[in-house]
1. For the protein assembly as shown, what proportion of DSSP beta bridges, expressed in % and rounded to the nearest 5, is antiparallel?
2. Among B:G272, B:V239, B:A253, flag the residue with its Cα farthest along the positive direction of the charge dipole of segment B:230-288, charges on Cβ as +1 for Lys/Arg and -1 for Asp/Glu.
3. Please compute, for peptide A:294-306, the average count of beta-carbon atoms on other protein chains lying within 10 Å of each residue's beta-carbon.
4. Across chain A, where is the longest run that never hits trypsin sites (Lys or Arg not before Pro) in a DSSP loop with at most 11 other C-beta atoms within 10 Å?
5. May I ask you to work out the translational diffusion coefficient for chain A at 4 °C, viscosity 1.567 mPa s, via Stokes-Einstein with Rh from the Kirkwood sum over Cα pairs, reported in whole µm²/s?
6. Excluding A:R416 itself, calculate the net charge of residues whose Cβ lies under 13 Å from the Cβ of A:R416, where each Lys or Arg counts +1 and each Asp or Glu counts -1.
7. Mean projection of the alpha-carbon convex hull of segment B:10-118 over all orientations, in nm²?
8. At 0.36 nm per residue, and after removing the present C-alpha to C-alpha distance, how many nm does the segment from B:A112 to B:Q51 gain when stretched out fully?
Amino acid sequence: MTMHSVSTGVEAFRAAAREWLAQNLARRSGHEERSARGLTHRTIEDIATQRALQKRVHEAGFAGITWPVEYGGQGLTAAHEAAFLEEAEPYRLPDMGIAGVVTIKVCAEVILRHASEDFKRRHLPKMLSGEEVWVEFFSDSAAGSDLAGVVTTAVRADGQGGDDWILNGEKVWSSGAYYADFGLCLARTDWDVAKHKGLTWFAVATAQPGVTVEPLREITGDIEFCREIFQNARIPDSERIGEAGSGWEVAQTALRFEREASSGSLTSVAKMPRPGPLAPDLVELAARAGRSDDGHVRQLIAKAHADDFASRALGERLARLMAAGHPAGGALISYVKLARGIVEPNHAKAAIEIGGAAAVSWAKDDRLGATFALDYLNSRVTAIAGGTNEIQRNTLGERVLGLPREPNVERNLTFRESQRRALAEST
Amino acid sequence: MNNTAAIAAGWLEPGEAEVAATFAGLVGASPLDRARAVGEGRRGLDRTFIQRAAAAGLFGQTIGAGGIARACIVAEQWGRTASPEPWLETNVVIEALSGAGVFAAGAGAGRAAILSDLQAGRALASWASGDLPGFWGRDDGVVATEAADGFVLNGELSAVVHADSVDWILLAARDAGSFSQFLLPARATGVSFAPLNSLDITRPSLNVRLDNVRLDAAALVGARGAARGGAVADIARQVQVALPLAVSQSIGAMRAVVDTAVAHARARVAFGRPIGSFQAVKHMLVDASLGIEMSAAMRDAAARAVAAGQDDAAEIVSMAKAFVARTGIDVAHAAWQVLGGMAYMWENDFHLYLRRLTADAAALGGEVWHNENVVTLQEKGQ
């Protein structure tokens, strides 16, 4: 593997990157096929090609540019990374879909902060080289927004030898799990302590005995996320991340990076955006419907355009406030997620109102027409995934506005007892 | 309530904190007294206060490109205290009088004295912004005709803020096949006022009638008629400066009502809990605070676009105005709902802000006008 020395200046590194990129990667074509938010089905073969490409990027020394050398990184500065990304802009970088992003932006961040030294050396280099693709095994079928309420359970395999764990339960909405190698799994390891105290994280290999991954068809018709069923899956204790019972603290890291992966990191959006062209999808739909001069339609288009710009400008503003030391700190990022969680569904509804029949039916060979429907069906992804709008509102209300929390009906109860009471109330 | 959140609610950026402290010293312990006095018809504009504000660097600034960011911070303070003074209007007139090329084209010493009086708060100005040729409202309200040593103006200006309490009114009139701007002495012969009843009682507005008002040549502001782009180009520049400031005043008012509603939601107990712990209330307040931050983000972008002379500045200021017009009313209504019956009492300050935010939305082109302007600018390629 090529190693770029720390003493390599940014410009020398940039020059090396430029040369390597030109010789090894394909350029983006002018009109890339648009896939709404990247949530399209990826074949195993396609992912294998991307893994091979990622391996070459890693071997050339352009993956994990800022990561420590002992974990397969280059140990260079953020300026080196920025230089590489600028040079790479015209090229097609390896793309392993959402799982590829989650591997680096969420799972690796959690591992870097909470896993054992041995675990980090074992997994992180393979995550960088495309050998290990990771996904989130966060939500249970019965626990999504209330993540700490997961009932997927791991117990010590005491008496059966070693310090392994036995995992049972069901996870769902894990994007790209059907082509992934590991899931970062939140499990309950103690039912007889308070809800937030009995949780532990594990790395679960998708191919191991006792783990079944079922791809699910989404409302778009695509197959992208999955359900996993664990039946007495045996997990070595060396695959535990963080102390047993410390799962909720670790979860804070996971949720923070998940939010950033979906909303953009506030530190990476510190540039003032420009409005750019008027909402191109809405303008096209207005033209198709013959309503480009309709005053009401023009109002809808302008409103969607302003809302979109406002949600982008908000990222720049909040990054500035955080850098200036705003006391709410990272909680501010929930504003960006909430803004998009409101603006995107409104945009989608405006598209239907503007386009009318043209928005809901299209010719079989009309690929652009199909994307309008796909965008519509995907329009509540931000509002729901990675913490719903309502969860963001609770966070902001309590941590930024200082409003009181709801009374906690689970206080002083073990998880087992609180579950028993809730079930008794619901029947 | 946790302490971090309490700090977060009142937290200010360093540049804001300095202005807020100066402003707080200026307005004293009852910052809304002036608004109530004007609103209840007990007193006119407090000229002593205005001169103190000017001395503190908070009134009558010449803004220019470099000063717009700070002027927005100052504007938030005027809005936050529902201040009745024509701060925005006076600043726009100063901008018009001191704008590049305009001063030189105007009439020397007399103009310099007017400018200096406005900057020191010794004189006040309003801006007939209800009708702006090339923008919104009527474009034939006032007609100018050339006379021996100046102009004769006839017609009517609609809804001019504080028209009978100021010394000067900047207006646009039909002239020489296009439009020109004039600085009208409010007490000139032939000027009469028809007071209107205004929703915003803190900033009463009046229709102004001009009957054969004779102005000397020095009253002309900027280029005449169609020359050098004419008044429409000058007005365009004034609008670009005015909108970020107007929007900032609305943001200040929004912050005031949401802070009040949040404090109420923390303290008021119903059904055995502070009402702010109910999600229906909490979420409404969060959406209001999101509206404020998005408005502020738009304002930041608008101020920066104007300062840098970006080619999309006209579009961005219109987007900001449209967004804040809509959001200001939504935010006021959210606070209204949370304050409940409290908000219906005259003694509660809430209605002063509600009135202002609603009037702000309608002033300087409402949401509908600016939305259409954004689409039109885009179609024209700016």
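The values are calculated or read from the model by the stated rules, or taken from the named source; none is laboratory data. Treat the numbers as computed from the prediction; the structure is a model and nothing was measured. Reconstructed Cβ throughout: ideal geometry from the backbone, glycine too, with neighbour counts over all protein chains shown. Heavy atoms of the whole protein, side chains included, go into the accessibility calculation; ligands, DNA and RNA do not. Shrake-Rupley method; radii C 1.70, N 1.55, O 1.52, S 1.80 Å.
1. Numbers: 64 of 73 bridges.
Within the protein assembly as shown, antiparallel bridges account for around 90 percent of the total.
2. Checking the options against the dipole of segment B:230-288, the answer is B:G272.
3. Details: counts 0, 4, 0, 1, 7, 7, 1, 4, 15, 7, 0, 7, 16.
The mean count of partner-chain Cβ atoms within 10 Å per residue comes to 5.
4. Values: sites that count: A:K271, A:K364, A:R411.
Longest site-free region, per DSSP loop and neighbour criteria: A:1-270.
5. Numbers: Rh = 23.7 Å.
In µm²/s, the coefficient is 55.
6. Details: positive: A:R188, A:K195, A:K197, A:R420, A:R421; negative: A:D190, A:D192, A:E410, A:E417.
Within the 13 Å Cβ shell, the charges total +1.
7. On the way: hull surface 31.0 nm².
So the Cα hull casts an average projection of 7.7 nm².
8. On the way: separation 61, 0.36 × 61 = 21.96 nm, distance 1.82 nm.
That pair, B:A112 and B:Q51, stretches by 20.1 nm at full extension.
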